[in-house]
1. Can you name the residue in the stretch 38-60 that is within 22 Å of residue 180 (Cα to Cα) and in contact with a strand residue (DSSP E or B) (Cβ under 7 Å, 6 or more places away or on another chain) and is also modelled with the lowest pLDDT among such residues?
2. Among (1) open to solvent by less than 30 Å² (accessible area, probe 1.4 Å); (2) more than 24 Å from residue 70 (Cα to Cα); (3) assigned to a loop (DSSP other than H, G, I, E, B), which single condition is residue 174 missing?
3. Taking residue 183 and the conditions (1) of a type outside the set (Lys, Arg); (2) under 18 Å from the mean Cα position of the chain (by Cα); (3) buried (at least 20 other Cβ atoms within 10 Å of the Cβ); (4) assigned to a loop (DSSP other than H, G, I, E, B), which numbered condition does it fall short on, given that it satisfies the others?
4. Say we look at the stretch 67-109 and pick out the residues that are β-branched (Val, Ile, Thr) and over 19 Å from the mean Cα position of the chain (by Cα); which of these is surrounded by the fewest Cβ atoms within 10 Å (Cβ to Cβ)?
5. Looking at the stretch 91-112, I want the residues that are over 18 Å from residue 134 (Cα atoms) and have a partner that is part of a loop (DSSP other than H, G, I, E, B) and of a type outside the set (Phe, Trp, Tyr) with Cβ atoms under 9 Å, at least 6 apart or on another chain. Which pairs are those?
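The values are calculated or read from the model by the stated rules, or taken from the named source; none is laboratory data. Predicted, not measured: the structure shown is a model, and the values here were computed from it. Here the Cβ positions follow ideal geometry from the backbone for every residue, glycine too, while neighbour counts run over all protein chains shown. Just so you know, the surface numbers come from the protein's heavy atoms only, side chains and all, with ligands and any DNA or RNA stripped out. Shrake-Rupley method; radii C 1.70, N 1.55, O 1.52, S 1.80 Å.
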Amino acid sequence: MDPKPFDPAQRRRGRWMLVGLFALFFGTVFGAGILRFSGWQPATHKNHGVMLQPPVDARDLSLSLAEGGRYDWTPAERRWRIVAAPSPGCAQACTALAQDLDKVWQLFGHNADEVDILWIGDYPADAPRHAALRQVRADDPLRARLPQVDDAAGTPVYVIDPHGFIILRYAPGFDPGGLRTDVSKLIKLI
């Protein structure tokens, strides 16, 4: 059998195919780099709350509970905190907020033991009480550390990591489902 004769057109096709594969591979890497460094993120990777930059350090505080005693940050327990600090005299809106936080806590399911709800000030009498609720005294210094806590639109909610850093803020009227989604993601990280 005679070997196949040399075909320059086939060699050109092979080279163009190699160049195309090279462009396909490095083009996608280059495109991803441009998107990454321009700050773009897919919608599924964004927080529903506002990430505090830099996070507020509250590790030096030991909270005073309303029923007496202290609430300390215990990083070894890997416990997340959801904090509400309503203004005095908040009535109907506070009851609705407490009910929303109760629903969020219940929806954590088996991870609910890893989350505490800290309520700074008077807790509404007609709101549900659950095992994760910790009522903090209204004059506790934590309230002063919460950014934009006295919002004219209502009561903001915050997320504190296991070490005592305030990392997320949810504006008044936030979607409780977004809070649950964010904290669920955080629980899985640690």
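1. 47
2. Only one criterion is unmet by residue 174, namely (1).
3. Failing condition for residue 183: (4).
4. 74
5. Short answer, once both residue conditions are applied: 91/124; 92/124; 93/86; 93/155; 93/172.
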